[in-house]
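Here the structure comes first, spelled out in structure tokens, and everything after it is commentary.
The values are calculated or read from the model by the stated rules, or taken from the named source; none is laboratory data. Because the structure is predicted, anything quoted here is derived from the model rather than measured. Cβ coordinates were reconstructed from backbone atoms using ideal geometry, including for glycine residues, and neighbour counts include every protein chain displayed. Just the protein is used for accessible areas: all its heavy atoms, side chains included, with ligands, DNA and RNA removed. Shrake-Rupley method; radii C 1.70, N 1.55, O 1.52, S 1.80 Å.
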Amino acid sequence: MERKKARNWYWWLWLSPLLTIPTLAFFFFNDIGYALVCRGPQRCDWATAERVTIFIAVLGSALWHLVLLGPIRNKEHPFVRWHGRQALLLAGARTLVPLVFGLGFGIDFGALLFIPVQLVVWFAGTLWGQLQASRGECSLARWFGQEELLPVVEEATVTVASQPREQDVKTLVEIIRFSRDPAKRKWAVDELTKRGMVEAL
């Protein structure tokens, strides 16, 4: 259940361009930066006005990703909470790409550079997050030393103290298939060996 909830939040990252791109275009084509910086055609620092427009347009469109504060505030499921943080980190990377290219190379040339990079970050990052959620993993949690909050570890702890059940066997098989910890995989194989199920697998 936790894995499914965590995985579902990445659908927001798949679909959010449907909102962020029109919002970006709205702020950009309304020349908000020029209105703030310029006092008429004769009194305008056009380079600064362009940077302010890019900054406002990108950050304004990125506000849609505040939806990901929902899973971050999930107190019931730590795994979902960590994946909410990871998804928000990916959204931050997607915000950083147009800022870096737009402010560094200008609107025209920067747009030509950032669009292909943004597509790669959008596709690869979101797919990576969903696959991790499905496997019961979370790189961000591991980087912060929170492996004990991952579902596989929690389910394995329950399995030790319980009688053999079909769900327990499924959990052991998932540990063997997906865990990166050799000690956990060996423990799962030993548990199945004790139950006489290794040959059946």
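Listed values, structure above:
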{"read-out": "Qualifying positions in segment 67-112 - of a type in the set (K, R) and not in a helix (DSSP H, G or I)", "value": "R73, K75"}
{"read-out": "Matching residues, segment 144-185, being assigned to a helix (DSSP H, G or I), small (G, A, S) and either open to solvent by less than 80 Å² (accessible area, probe 1.4 Å) or modelled with pLDDT of 75 or more (or both)", "value": "A156, A183"}
{"read-out": "Meets criteria (of a type in the set (A, V, I, L, M, F, W, C), modelled with pLDDT of 90 or more and open to solvent by less than 70 Å² (accessible area, probe 1.4 Å)) for V121", "value": "yes"}
{"read-out": "Residue in segment 79-90 that is touching a Lys or Arg at 6+ places or on another chain (Cβ under 6 Å), buried (at least 17 other Cβ atoms within 10 Å of the Cβ) and among the hydrophobic types (A, V, I, L, M, F, W, C) present", "value": "yes"}
{"read-out": "Restricting segment 1-50 to residues that are among the polar types (S, T, N, Q), under 31 Å from the mean Cα position of the chain (by Cα) and open to solvent by 60 Å² or more (accessible area, probe 1.4 Å), the residue that is farthest from W122 (Cα to Cα)", "value": "N30"}
{"read-out": "Selection status of F55, within 28 Å of F101 (Cα to Cα), within 26 Å of the chain's Cα centre (by Cα), in contact (Cβ under 8 Å) with a residue 12 or more places away in the chain and surrounded by fewer than 18 Cβ atoms within 10 Å (Cβ to Cβ)", "value": "yes"}
